[in-house]
Amino acid sequence: MLRNGLVCAILLIAACGHKTPDQQLHEAADAAASWSATLQMTAETWLANSVPRLFVLATVDAANKAFDQTGKDVAQSQGRQELRAAIKGQLDIAEAAAGDLKKAIENNDRNAVAGCARRFAAVHSVLQQLEDKRK
Amino acid sequence: MKKAMTLALGILTAVGGFFDIGNIATCVQAGARFRYQLIWSMVLATIVVILLIEMSGRFACATKKALPDAIREHFGFGFWLVPFLILTVIHILVLGAEIGGICFALHLLTGYPLQVFALPVAVLLWVFLWRATFSAIENSTSVLGLITLCFVVAAIWLHPPTHEVLQGALPSMPATNPENYWFIAVSIIGAVIAPFLFYFYSSGAVEDNWDRSYIPVNRAVAVIGMGFGSVISIAAIIVAAVVLAPRGIRVDDYHQAALMLIQVFPYWGYELFAVSMAIACVGAAIEVALSMAYTFAQTFGWNWGEDLDPAEDARFSLVYTLALLGASLFMLVGVDPLKLTLLTMAISAAVLPFVAIPMLLLMNDRKLLRDAANGVFSNVATAAIVVLTIVLAVVSIPLMVVGGS
Amino acid sequence: MFEELDMVRDLLDKQLVDADGTKMGRIDGIVLALDGDKQPRIDHLELGFAVLARRLHPRAEQWLLALRRRWSVRKSARQIVPVSKVMDITEEHIQLDLNALETPAFDWERWLRDHIVSKIPGSRSEQ
């Protein structure tokens, strides 16, 4: 009886944990939006001399890992094609901006950093709108 | 006069043990993702922990024995073995998470990758435990721990909407992502009601020679100390809610948390966060390592005591040495510190019945405690706590699977 | 001394201390002597991981003994304490008329102290 109960519990959990492909896509978008916002704030605080260079570089590395993972999740997803394309598009912009941010920090190029911050803000805004459409 | 000093130090120590990596991780995530809606979880956890800490202390005052000691003695080795093994695993996981917190804080301050610090941190903690007396440990970590008040300052400065904060103190249903909401709610409780707290606290009471005359002091320490710690944790939720949530920053990584104090403290916010994190985790790491050593030594009847020289309690010292080495391995091999912390908090919540049930039974032993035994109120409260821990034990692992990030 | 002693409650798993008050383990086992029709009496007390293992499962004890043969610093797996050595029984502990340092209970403690702990600086505070 205990074994039957255990099997039932596991099936129940598996059923509850199941998300539709679109839901999974939105979660991926959430994560990407979160990291874009992070990089935007990181760039802005660097411009204000509140955080050191190495922190920005470390955060960009962490963000890139997350963008990579999100990219994989989107590519493997069964969700709607337009949604996948939209998210992928923003991911590409964010990844490009992240690469530029790294270079800009290393060159101490404040204008370039400010430009990257704006690009992250734009990505976040678009992804946020996708999120809002879901509700 | 002496009791007043003890009270002051006890409060500070309690604050230090309360606000650790588990609290930081769960509270910052709670604030960033659900704003003020999870404050009730912290309030509930605080009430429970105040009751349990008061009982642990009262027990030590009345019997001059710490909890692991009493549990082996009164319930026998057979009853204690399984909880003992499970709690040993939890100790190592929590210690790993705390060391992870210290390593990350040092990474923030120096820029070097956090793996680099794993062994040096373990060694430094070990040196401290090897050489210091119990009161030296209590005093230093608790005074330094006052720096975490910066979260309270920040929370007040940010002027959060009062009615929303108060609403958050009552349970509510989340607008989105209920699995994650409940997972974090359970993790907050697991982070606050940490088994190591009770074993450390009762053993510390024995180390400090508390007797029945300290029962009122113990009550004050439990309420004020845990209360303060809770205020700091709620402040962390509020700061994350005001600074990170509106920007949509979800805190999947400690780097994101590091930004949270900069809005209030433009010049020192980054360093303040790192130093607070480091000190909070150092204090907690020491308590966890000692808690594990106390538990082993008391279970097997070895000589124990931080005030003794290591030469007098070699096996006790060996336990915290191996614990520190083992726990440092997580960071050394590159385990993600935030993920380790959240996993540990969920598992910790799942094993709480093993902590609460023996305590309920012990506190009713009138032969042992005489007039210090639980009254009706305490028993009703403890019974409710046991029910709560059983509910948590059932839901925490499934929630981690379904709602963990 | 108590007039009535509950073996499991008041003796088993109780903390043992030596003549100086140093903690030296717990009563892990009690061995009774059965002598025909006479009332059973306590023959001796036992200490040791092997004793604990046997309380759990006989197989556990065999496994532990196998390990011990390879690695232990102890002369024997269980320490036997005759009842005659019991000096005092209080609610807190049971005091034995022994010196902990000389008993097998302290084999590991002594070994660790002599081979490892004393080699590390700071293990003893300056007198």
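None of the figures in this text is laboratory data; all of them are computed from the coordinates on show. Not measured: the values here are computed from a predicted model. In this analysis, Cβ positions are derived from the backbone assuming ideal geometry, glycine residues included, and neighbour counts consider all displayed protein chains.
Brief remarks on what is shown
- The antiparallel fraction among DSSP beta bridges confined to the protein assembly as shown stands at about 90%.
- Shape analysis of the range A:54-123 yields a ratio of the Cα radius of gyration to the Kirkwood radius, Rg/Rh, of 1.05.
- Taking amide H atoms as placed 1.01 Å from N in the peptide plane, the amide H of C:LEU96 lies under 5 Å from those of C:VAL17, C:ASP18, C:ALA19, C:MET87, each 5 or more residues away in sequence or on another chain.
- Net dipole in debye of chain C [+1 Lys, Arg Cβ; -1 Asp, Glu Cβ; about Cα centre; nearest 20]: 1040 debye
- Dividing the alpha-carbon radius of gyration of the range B:34-85 by the rule-of-thumb value 2.2 N^0.38 Å gives 1.60.
- Gyration tensor (alpha-carbon) shape descriptor, the range B:120-184, a/c threshold 1.5: prolate
- Cα→Cβ-extended label distance, 7 Å offset, between B:ASN139 and B:LEU124, nm: 2.1 nm
- Ordering A:HIS26, C:HIS93 by the number of other Cβ atoms within 10 Å of each residue's own Cβ, fewest first, gives C:HIS93, A:HIS26.
- Modelled FRET efficiency - R0 35 Å, C:ASP114 with C:GLN62, Cβ distances, 0.05 increments: 0.70
- Springs join every pair of Cα atoms under 10 Å in this Gaussian network model of chain B, and among B:ARG250, B:ARG370, B:ARG33 the largest mean-square fluctuation is at B:ARG370.
- Surface/4 estimate of mean projected area, convex hull on alpha-carbon atoms of the range B:151-265, nm²: 9.5 nm²
- All Cα-Cα distances of chain C, cut into 5 Å bins from zero to the largest, leave 2, 10, 16, 19, 18, 15, 11, 5, 3, 1, 1, 0 percent in each bin in turn.
- Available extension along the chain between A:LEU54 and A:ARG118 is 21.0 nm, counting 0.36 nm per residue and deducting the alpha carbon span.
- Three-way shape call for the range B:249-294 based on the alpha-carbon gyration tensor, with the a/c threshold at 1.5: oblate
- The mean of 1/r over all pairs of different alpha-carbon atoms in the protein assembly as shown, once inverted, gives a Kirkwood hydrodynamic radius of 26.9 Å.
- Computed from the alpha carbon positions, the gyration tensor of the range C:14-85 leads to an equivalent ellipsoid with semi-axes of 23, 19, 10 Å, biggest first.
- With a Förster radius of 51 Å applied to the beta-carbon distance between A:GLN128 and B:ARG366, the computed FRET efficiency rounds to 0.25.
- If the convex hull is drawn through the Cα atoms of chain A, its volume per residue in Å³: 130 Å³
- Gaussian network model of chain B, springs between alpha carbon atoms under 10 Å - residue of B:GLY248, B:GLY204, B:GLY17 with greatest fluctuation: B:GLY248
- Remark: the range A:20-134 carries a charge dipole of roughly 160 debye about the Cα centre, counting +1 on each Lys and Arg Cβ and -1 on each Asp and Glu Cβ.
- Pairwise label distance in nanometres, B:LEU329 with B:ILE390, each label 7 Å out on the Cα-Cβ vector: 3.6 nm
- Along its three principal directions, the equivalent ellipsoid of the range B:332-405 from the Cα gyration tensor extends over semi-axes of 34, 14, 8 Å, largest first.
- Taken residue by residue and averaged, Cβ atoms of other chains lying within 10 Å of the Cβ of B:264-276 number 2.
- Relative intensity, log₁₀ I(q)/I(0), of chain B from a Debye sum that treats every alpha carbon as a point, q = 0.10, 0.11, 0.12, 0.15 Å⁻¹: -0.60, -0.74, -0.89, -1.44
- For the range B:135-210 versus the range B:315-383, the spacing of their alpha-carbon centroids is 16 Å.
- Given R0 = 51 Å, the distance between the Cβ atoms of B:PHE79 and A:THR20 translates into a calculated FRET efficiency of 0.60.
- In a reduced charge model with +1 at each Lys and Arg Cβ and -1 at each Asp and Glu Cβ, chain B shows a dipole moment near 620 debye about its Cα centre.
- Over chain A, DSSP H runs of length four or greater, each weighted -39,500 (n - 2.57), average out per residue to a 222 nm ellipticity of -31000 deg cm²/dmol.
- Centre separation in Å (Cα based) which lies between the range B:244-310 and the range B:67-125: 11 Å
- Global dimensions of the range B:295-372 from alpha-carbon coordinates: Rg and Dmax equal 17.7, 52 Å.
- With each label modelled as a point 7 angstrom along the Cα→C-beta vector, the C:LEU101-B:ALA8 pair spans 4.0 nm.
- Neighbouring partner chain Cβ atoms per residue of B:244-254, average, 10 Å criterion: 6
- Which of B:ALA393, B:GLY283, C:LEU5, positive extreme of dipole for the protein assembly as shown (C-beta unit charges): B:ALA393
- Whether the range B:92-231 is rounded, prolate or oblate, judged on the alpha carbon gyration tensor where a/c under 1.5 counts as rounded: oblate
- Among B:PHE200, B:PHE265, A:PHE67, the ranking by other beta carbons within 10 Å of each residue's beta carbon, starting with the fewest, stands as B:PHE265, A:PHE67, B:PHE200.
- Separation of alpha-carbon centers, the range A:66-135 and the range C:76-127, rounded to whole Å: 65 Å
- Computed helical MRE - 222 nm, chain B, DSSP H runs ≥ 4 contributing -39500 (n - 2.57), nearest 500: -25000 deg cm²/dmol
- Selection from B:SER187, B:GLY301, C:GLN95 lying farthest towards where the dipole of the protein assembly as shown points positive, charges on Cβ: B:SER187
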